[in-house]
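The values are calculated or read from the model by the stated rules, or taken from the named source; none is laboratory data. Computed from a predicted structure; not experimentally measured. Cβ sites come from the backbone with ideal geometry, for glycine too, and all protein chains shown count toward neighbours.
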Amino acid sequence: MRCLLNIWGVMLFLRLSWVIGQAGIFEGLLIITLANVVTLVTAISMSAVSTNGQISAGGIYYMISRALGPGFGGAIGLMFTLANSIAVSMYIVGFCESLQDLLASYGTVLIDGATNDIRVVGIITLIGILVLAIVGMDWVTRFQMALLFVLIFSQIDFIIGTFWGPLDVEEQAKGFVGYSSEVLKQNWGPDYREFEGVQHDFFSVFAVFFPAVTGIVAGANLSGDLKDPGSAIPLGTLLAIAVTFVSYFGYAIMIGSCVLRDASGNVTEYFMGLNESAADAMKYVINCTGRECNYGIEVDSQAMELVSLWGPLIYGGCFAATLSSAIASLVGAPRVLQALAKDKLYPMIGYFAEGYGANNDPVRGYVLVFIISFACILIAQLNAIAPLLSNFFLAAYALINFSVFHATISKTPGWRPSFKYYNEWVSLVGTILCIIVMFLMSWGTALITFATVVFLYLYVSYRKPDANWGSSAQAQSYSSALKSMQELNSVEEHVKNYRPQLLVLTGMPGARPPLVDFANLITKNVSLLICGHVLLGNHNQRIHEHLRAKALSWLQRHKTKGFFAMVEDPSFEGASQSLMQLAGLGKLKPNLMLMGYKGDWNSCHREELRAYFNVIHNAFDRHLAVGILRLREGLDYSNVVVEEDQKETKKLQSGIAHFHTNSVSPTESMTNQGLFMPTH
């Protein structure tokens, strides 16, 4: 229902006849078909995403962010909120134009009969819709259901009117002559003209028409309110596209076959031609050379009302279409913004996360959308608003298609949509098609849109929000790394490609910063660096995870690209052997071991000294190079770090027996010399 209400919108009643007048029947049908191909492919992709797990509130934003990650999700969430806010103004301006034409037919003018009328009526209408949205979703649904019936009856009225034919000579003088092969022939080809200061062509007309089919996301935007979004979104969206495509296609042929492109509306001229023949009468009427004609599908936005059996019902349908679409956009945009605010991807939007009432209505988002729509209503030009809206929607559709393509080729384990009628290459074609159409409509606007998406994406990537949603980007990283590792195994080693791959016996990296820094100077962030740590005693997995997270955090803060390997063993010698044998993977394994100089070699325990030398010999036995770093001030920072570790891990070790000994063993003596660090 929501998709039908949005697709059967303002463009059906106010711009479909204009599209046929400008582009002709043939190219007009191409425009309708191309627009529906874009939305059909996107709807198929959206169906795949919506059936891959449970869909929460946020609609299209939720789908893209969970599929492509927070970067693209955040960018499209903001842009989609803006697009729907602009859509509200477009639908209201369409409503005002229709109301203005209705008043003009009775000779009534509010202010100036032009843009000021649209602004005043538009703002009043916007306030009324805002109040309705704040009242609650139940009232919105009831109101939209009533509008849907009006919308359907108005279309039936139009269809009957085309077959009934003109009711009087005034309608004939205005260009409605009934079905005629001659009219079909005249209207078959294009006749692009200047309209409202713009010289139109195929793609500029497409840009004006495309918002007519963008209602496919109206249902998905309310995913949080659907009982079963996984089945409702695919079925409802695809059915809505099928029904509306047939209706638009049929209406285009109907209106192009029975209404002239230009007509003066002058009944006197029509009667003058009747003195000879009916054909001559129409020639008088359509002869607009050197004068401005106000009727015909090329210039009259109310051509559908002219054709209908009972004109007021068409106005009712137009009012229903515009108001229902405006309501859907006003209700949908704040919910997308609310979901985005809850994820905290951008600063200063958390204010819009709070909802009110039983349905968690985003009242603060309603107010923001009201402000944006208010500003756009002041433009008061339907054809000026529509191309900007088309660009934003096409960018969103391109990302929906790309998310399906990317999730499929990356072979994400979590990508298992129950909707099977999708194909990754069709989704890729849909992505490319959306981008091409964006640039063909307006390359300047397309560049601005792309720059905005890239900026928002890079900003989220820079902030690195705490959002782990299992995106396809993460899966692609894993697949790429695994594939590269497997390919590396078949690469023969050569002296020109030699890289020092270091296993550094650092203990916790923060215990011996000079050793890590020296190793980093060797690898230069372009070679393998593994920091090895020996953990004394027996500890549970929570302790391991805590130390691993702490070590990786230290490396990240100090901008050192390396890995952390930890072995639990009571012996320094045995643990070092384990690290040499197990550290690394495939060709990415250490070929050089780096350790600190034993400064107390002449006073330490003999077993300790023996273990130190055995580690060196074991490295040679494993065909590893050995490096020993000696500094005047020494490398041992472990006493300070041990105290810090003790404070941090005491909280984690409640109920765990501590490893203590009163005697000074060789292992403890080596710990005091900074060779490895115990964690209690």
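What the table below lists for this structure:
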| quantity | calculated |
| --- | --- |
| Y106, sole failed condition from (1) over 30 Å from S461 (Cβ atoms); (2) touching a residue at least 12 places away in the same chain (Cβ under 8 Å); (3) of a type in the set (S, T, Y) | (2) |
| All positions within region 101-121 that are outside any helix (DSSP H, G or I) and not aromatic (F, W, Y) | G107, T108, V109, L110, I111, D112, G113, A114 |
| Residue within region 154-167 that is within 25 Å of E292 (Cβ to Cβ) and in contact with a Lys or Arg (Cβ under 8 Å, 6 or more places away or on another chain) present | no |
| Filter result (in contact with a helix residue (DSSP H, G or I) (Cβ under 7 Å, 6 or more places away or on another chain), in contact (Cβ under 8 Å) with a residue 60 or more places away in the chain and part of a strand (DSSP E or B)) within region 500-532 | L502, L503, V504, L505 |
| Whichever residue in region 184-206 is surrounded by fewer than 24 Cβ atoms within 10 Å (Cβ to Cβ) and aliphatic (A, V, I, L, M) and, among such residues, is modelled with the highest pLDDT | L184 |
| Contacts under 7 angstrom Cβ, first residue in region 28-57 being at negative phi, partner basic (K, R) and crowded, with 21+ Cβ neighbours inside 10 Å, 6 or more apart | A57/R335 |
| Filter result for A396 (modelled with pLDDT of 85 or more, under 19 Å from the mean Cα position of the chain (by Cα) and under 30 Å from F13 (Cβ atoms)) | no |
| Count - residues of region 42-91 that are β-branched (V, I, T) and more than 21 Å from T431 (Cα to Cα) | 3 |
| Residue under evaluation V213, criteria (1) in the same structural domain as T81 (by TED's automatic domain parsing); (2) under 28 Å from M63 (Cα atoms); (3) touching a residue at least 12 places away in the same chain (Cβ under 8 Å), criterion not met | (1) |
| Selection within region 313-354 - in contact with a Lys or Arg (Cβ under 9 Å, 6 or more places away or on another chain), more than 24 Å from V453 (Cβ to Cβ) and surrounded by fewer than 22 Cβ atoms within 10 Å (Cβ to Cβ) | E354 |
| Every residue from region 477-497 that is of a type in the set (K, R) and surrounded by 10 or more Cβ atoms within 10 Å (Cβ to Cβ) | K483 |
| Only one of N423, N401 that is under 14 Å from the mean Cα position of the chain (by Cα) and at pLDDT 85 or above | N401 |
| Qualifying residue in region 427-436 (condition: farther than 30 Å from K483 by Cα, free of Cβ contacts under 8 Å to residues at least 24 places away in the same chain and surrounded by fewer than 17 Cβ atoms within 10 Å (Cβ to Cβ)) | yes |
| Filtered residue count, region 101-119, keeping only those that are surrounded by fewer than 16 Cβ atoms within 10 Å (Cβ to Cβ) and not hydroxyl-bearing (S, T, Y) | 10 |
| Test: residue in region 511-518 that is assigned by TED's automatic domain parsing to the domain that holds L552, under 40 Å from the mean Cα position of the chain (by Cα) and closer than 13 Å to L555 by Cβ | no |
